[in-house]
Amino acid sequence: MDCGMKVGDLVRVKPQGLFPTETPLVEADWTGIVTGFSAGYAIVFWNEQHPEEEEYLEQIEVISESR
């Protein structure tokens with residue numbers, strides 16, 4: 001899968017329309033780390049309470065690429 005993201009990238013939720021975020025559990029100002037991919041989703045570690053969240057690729061954006 002070539003989505004422009006890779007494991008280790010830092011991501012955030014993209015602003016979506018009138019609402020700051022359309023991902024129910026994720027706050028608009030959170031920064032997460034991509035830990036893997038599964039069936040068209042990025043697996044993101046947001047924090048200790050949300051360590052393995054499946055996120056739609058089109059709803060998150062890379063803010064810092066891993067090396």
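FYI, it's all coordinate maths here, none of it is from the lab. Only a predicted model underlies this, so the values are computations on that prediction, with no experimental measurement involved. Backbone-built Cβ (ideal geometry, glycine too); neighbour counts: all protein chains shown.
You can think of it this way: the chain between Tyr41 and Val62 has 6.1 nm of extra reach, that is 0.36 nm per residue less the Cα-Cα gap.
Using the Cβ-Cβ distance between Asp29 and Val7 with R0 = 30 Å, the FRET efficiency computed as 1/(1 + (r/R0)^6) comes to roughly 0.85. Could you please report the charge total around Ser38, scoring K, R as +1 and D, E as -1 over all other residues with beta-carbon less than 13 angstrom from its beta-carbon? Result for the local shell: -4. Each of Val62, Val7 was scored by other Cβ atoms within 10 Å of its Cβ. Arranged with the fewest first, they read Val7, Val62.
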